[in-house]
Number of protein chains: 2
Amino acid sequence: MTSPLQFEIECESSRTSARVGVVRTPHGSFQTPAFMPVGTQGTVKGVTPRQLVETGAEIALNNTYHLLLRPGPELVQRLGGVHAFMGWDRPILTDSGGYQAYSMADINAVDEDGVTFKSIVTGRPIRMTPEHAIEVQNQLGADIIMAFDDCPPSIDPRVGPVNQTRIRQAAMRDSIKGSYDHDARLKIANERTVRWLERCAAAHARPDDQALFGIVQGGTDLDRRSWSAEHVCNVELPGYAIGGVAVGEGHDDIVMVVRHTAALLPRDKPRYLMGVGYERDIVAAVCAGIDMFDCVLPTRNGRNANAFTKEGQLRFRNAKFAADDRPIEADCDCPACDPAGNGWPTPDGRPLTRAYLRHLCVAREMLGPILLSLHNLRYFQRLMVDIRRAVREDDWSWFAARWPRAAEGLPAELQASSNTETSR
Amino acid sequence: MTSPLQFEIECESSRTSARVGVVRTPHGSFQTPAFMPVGTQGTVKGVTPRQLVETGAEIALNNTYHLLLRPGPELVQRLGGVHAFMGWDRPILTDSGGYQAYSMADINAVDEDGVTFKSIVTGRPIRMTPEHAIEVQNQLGADIIMAFDDCPPSIDPRVGPVNQTRIRQAAMRDSIKGSYDHDARLKIANERTVRWLERCAAAHARPDDQALFGIVQGGTDLDRRSWSAEHVCNVELPGYAIGGVAVGEGHDDIVMVVRHTAALLPRDKPRYLMGVGYERDIVAAVCAGIDMFDCVLPTRNGRNANAFTKEGQLRFRNAKFAADDRPIEADCDCPACDPAGNGWPTPDGRPLTRAYLRHLCVAREMLGPILLSLHNLRYFQRLMVDIRRAVREDDWSWFAARWPRAAEGLPAELQASSNTETSR
């Protein structure tokens, strides 16, 4: 089997497990550690592909679940695949739809063969098996595709927070009925995920131009993570992911699980931490040896009038910004903070003001979410640029001075050393 | 008084009153006949200024009414004026707010001194006089500002269509109470508009860098239009507009009024037909000697999933586009129809398909309205490019072959001649 993906590690950090590298795919390469914006329904919300390239994104994610329901993989295939569909001739990763099938469906049922869930578009029942998830991803045609896994609720649904109603329903309807035993459910899911991975690998019809990644599960139980990593990595694949992280647990648990699990994945293959996350989570995971990230935070928070900055998020619904004539962030080069540098016909190279962004948000003008999404997407790419530089130069005190909040994710010994250097 | 605006006619059509020219303002020049996109609240909805420039727009319109209510002219002035506010260092025109004060307010009262209306943002009463409308526009700082006029309902509110409730309310509350006499109301408005224009001109505090345009009213009564044109043009100003057109009457009435009125305006000053319109209306007005247009159609219809094409509008809610692999319009160079030409990372220079645009609209993705707005804005600019070419080359049969629907606005004799040439 020719691998559709090459991963080259260019540099490794001496004091952490971080590494900088490049992943080559049939649609070009991307630098790692990489942050992948999420294009849920075949579009990163509010952003054109040209604008997305200009944020520095080199790979985008699409959700199989959403494209399966609408417009359907046959149509996407007929239109030339997901790259042509959305006008993005660069690397694309599709998830398998498993997570959404569990978390978004009001009604679902899990058995050894697959999952049945209700379409959020038509209300009709949809049957998804490992074979079907791979067939759909083969039709979509992304460069990296993900195994279909069994995703039980991470927190015992009988004791979880009340807003986890749908997860609770899902748990109650799955294979363990009546007397729900959360621990037994996690064990079954962990074992089933390996069996399903083998079925995914066997069903994969385009191994020469689509790289299938396996997903390690196991929640916050490190023994279960170890078991999962061993058995998932027994299936020879171009890359591996860590799933079931940042689904409600705190930063410390995220770090614990990622440090433990990343070290169990093959060193010479890309490691992808799914759905993460906040800046300090990303930094901690990079130091644990993670190479790829995705998260909806930049666009979701942008649509909700929130801008990421190195000092924390700015919430533009807050009246204190009403007459604020500063840019979102002084050293940012996004279209809002540096319109002249982004080809805008703006007077005297002036930035757009926080007052203007607040006006757009309060007036419910589309340009508000658009500009805040662009700012946030650029913010995460700037974070990755500086992370890669910190790894290359092994200079975390430079990084910590520049990204004080993100640096909270650094290992304690590096934080101490950077503090020492700063106080010298 | 130094004029803040120079108008140079480069070429006149021999068979029509059309002319091609250029208007120079303190923020650069724009070619005429010009189509001005509408940036209601300090943004053309869904479009960045860079994207707007790339559609070919050379001047944008902002609504004083909306900016007065939110965020307020003092703030816009403090932030450097409306150009800096929205990041658009090119010509801007602001309307006076008169039309919106009448048409959008649930409650308003008109007297000889001004209008009182209820803010659609706060619900508080707002008092607007000619002096105040000019003061606000002086604060906003656009290159071209508009006189504040008395805008009575164009159609007798006692016989008008039922959806004109607000206009009817407005009429009932204005200066003629009790026994409403529509004709008398129009006469008063016409005369008052001239008195208010004189007050606007006297109040104008920035005549050296803001060009004040007067507005000719008179509805569909040609005698009233003649009277208004004479008295409005007696006030020496850098340009004149025709208001109260395309407010419910049909194409034939629009053409009748514009042909009659445009001919009464000074030849050597720009003529602006406010709020118009559809393609054939624009073509008819150009042939009558109009130089400037504005309309919300490109963005409003784009947001409603409709795309303009030379063959008519495509309504992307229609299921017939679900698997249509063609671009919106084959010869269009907008980002949707020619993504590669617009810097997108699109495969093989392929256009985005109608199927993809329909998917975006059906999935309620922001990119749908964004792309359809960009397409429609570019469509109207392409129309203006071809109109200017037709005037320069005095070749309306070329134009009619290219824009069959827009050419319905050509004078009958040109349609006949172009038909003849086509059938030769």
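The values are calculated or read from the model by the stated rules, or taken from the named source; none is laboratory data. The structure presented is a predicted model; accordingly, all values stated were derived computationally and were not measured. Reconstructed Cβ throughout: ideal geometry from the backbone, glycine too, with neighbour counts over all protein chains shown. Accessible surface is based on the protein model in full, side chains and every heavy atom, while ligands, DNA and RNA are left aside. Shrake-Rupley method; radii C 1.70, N 1.55, O 1.52, S 1.80 Å.
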Within the range B:325-343, does at least one residue satisfy the condition of being in a helix (DSSP H, G or I), surrounded by 23 or more Cβ atoms within 10 Å (Cβ to Cβ) and either in contact with a Lys or Arg (Cβ under 6 Å, 6 or more places away or on another chain) or at pLDDT 95 or above (or both)? no
Of all residues making up the range A:77-134, the number that are open to solvent by less than 40 Å² (accessible area, probe 1.4 Å), assigned to a helix (DSSP H, G or I) and at pLDDT below 85: 5
For the range B:197-230, give me the residue count where each residue is of a type in the set (Gly, Ala, Ser), open to solvent by 60 Å² or more (accessible area, probe 1.4 Å) and either within 26 Å of residue B:90 (Cβ to Cβ) or within 22 Å of the chain's Cα centre (by Cα) (or both). 1
Starting from the range B:221-234, keep only residues that are of a type in the set (Asp, Glu), then list their pairs with residues that are crowded, with 16+ Cβ neighbours inside 10 Å and assigned to a helix (DSSP H, G or I) whose Cβ atoms are within a distance under 8 Å, requiring at least 6 positions of separation or different chains. B:221/B:186
Could you grab me the full set of residues in the range A:370-403 that are crowded, with 16+ Cβ neighbours inside 10 Å and either modelled with pLDDT under 95 or touching a Ser or Thr at 6+ places or on another chain (Cβ under 6 Å) (or both)? A:373, A:377, A:378, A:381, A:391, A:396, A:397, A:400
Identify, from the list A:356, A:272, the residue that is aromatic (Phe, Trp, Tyr), open to solvent by less than 10 Å² (accessible area, probe 1.4 Å), more than 30 Å from residue A:219 (Cβ to Cβ) and at pLDDT 95 or above. A:356
Among the residues of the range B:323-360, count how many are free of Cβ contacts under 8 Å to residues at least 60 places away in the same chain and facing another protein chain (nearest Cβ under 7 Å). 15
Selection status of residue B:50, more than 18 Å from the chain's Cα centre (by Cα) and either surrounded by fewer than 24 Cβ atoms within 10 Å (Cβ to Cβ) or more than 10 Å from chain A (Cβ to nearest Cβ) (or both): yes
Against the conditions (1) open to solvent by 10 Å² or more (accessible area, probe 1.4 Å); (2) without any contact (Cβ under 8 Å) to a residue 60 or more places away in the chain; (3) away from every other protein chain (no Cβ under 11 Å), where does residue A:297 fall short? Just the number, please. (2)
One residue from B:307, B:285 being under 28 Å from residue B:144 (Cα atoms), more than 9 Å from chain A (Cβ to nearest Cβ) and either open to solvent by less than 10 Å² (accessible area, probe 1.4 Å) or among the hydroxyl-bearing types (Ser, Thr, Tyr) (or both): B:285
